[in-house]
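Bear in mind these aren't lab numbers, they're just calculated from the coordinates by the rules spelled out. Computed from a predicted model, the values in this text were never measured in an experiment. Backbone-built Cβ (ideal geometry, glycine too); neighbour counts: all protein chains shown.
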Amino acid sequence: PLLPSLPPSLPPPPRPFPSAGPRPDPRRRRRLSRRPGSAMLDFAIFAVTFLLILVGAVLYLYPASRQASGIPGLAPTDEKDGNLPDITASTSLHEFLVNLHEKYGPLVSFWFGRRLVVSLGSIDLLKQHINPNRLYLEVVGGAGS
């Protein structure tokens, strides 16, 4: 059996996307790497960010580094126990608070463990900061109870 003869030259195959423009030359490769100093810059930004987060975490978690927001009082004696050793060195909590108010005034702060406690040593300060309407609404059963 004889095979049909093929034409001497075939036309090139059609391009899949005619609007794509000319094909890139495979011998020319585009350089995808970044500038030589950019890796060092990326590392420096990461290091500074990490250090800021670390310092923020230490200041937040370490109670001796926190201030009592401007309220006079004692700094924590112990990292975990706060001023509990000072309270136990006094004969009672009442005596500790009386001594604290004599030294710092009617508004003082101290650390009860890791919690900051504010003590009001005057009935006038208590009257300034208490809301009498709240007590009335709780008794009557109004809104906000």
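Of note:
- All C-alpha pair distances within the range 74-139, sorted into 10 Å bins from zero, spread as 20, 42, 24, 14, 1 percent across the bins.
- Nearest-20 debye value, the range 74-139 charge dipole, Cβ charges on Lys, Arg, Asp, Glu: 240 debye
- Working from label points 7 Å from Cα in the Cα-to-Cβ sense, the residue 60 to residue 92 distance is 4.1 nm.
- Relative packing of peptides 41-47, 118-124 - highest average C-beta neighbours within 10 Å first: 118-124, 41-47
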